[in-house]
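The values are calculated or read from the model by the stated rules, or taken from the named source; none is laboratory data. In this text the structure is predicted, and so the values were computed from the model without any measurement. Using ideal geometry, Cβ is built from the backbone for each residue, glycine included, and neighbour counts are taken over all protein chains shown. When the accessible area is computed, the model is the full protein with side chains, heavy atoms only, and any ligands, DNA or RNA have been set aside. Shrake-Rupley method; radii C 1.70, N 1.55, O 1.52, S 1.80 Å.
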Amino acid sequence: MTADLRVVRAERILHAHGISAEVTIAGHEADVIAIQADISKLKELRALAPELKELGFRYVALELDTEELR
C-alpha cells in the first residue's frame, strides 16, 4: 500500500510553519485531513486550512485530545 502524497505535503506545510503534528486521512471518500497538534497552534492551523484544502481535502479536522503530544 502506498502512502498518500497529500499527507507528506501537508506535513511539509505544517513543518514549514513550525507546527509539529500527526496527520492522517479520514472519511469515506478520504476527503478529511485530520491533524493532531498542540492546541496552542490553533490560530496558525486555522490560517493554513485553505492551503491544506488545496491538497484535495474537503474538510480540515483538528484532533482535540492531544494528551499524547505532551
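What are the residues in the stretch 1-40 that are under 12 Å from GLU63 (Cα atoms), within 10 Å of the chain's Cα centre (by Cα) and among the acidic types (Asp, Glu), if any?
GLU22
Quickly run through the stretch 44-62 and pick out the residues that are open to solvent by 50 Å² or more (accessible area, probe 1.4 Å) and either part of a helix (DSSP H, G or I) or polar (S, T, N, Q) (or both).
GLU44, ARG46, ALA47, PRO50, GLU51, LYS53
Does any residue in the stretch 19-37 that is outside any strand (DSSP E or B) come within less than 6 Å, Cβ to Cβ, of a residue that is aromatic (Phe, Trp, Tyr) six or more places away or on a different chain, and which pairs are these?
ASP31/PHE57
If you go through the stretch 6-18, how many residues are surrounded by 12 or more Cβ atoms within 10 Å (Cβ to Cβ) and not in a helix (DSSP H, G or I)?
1
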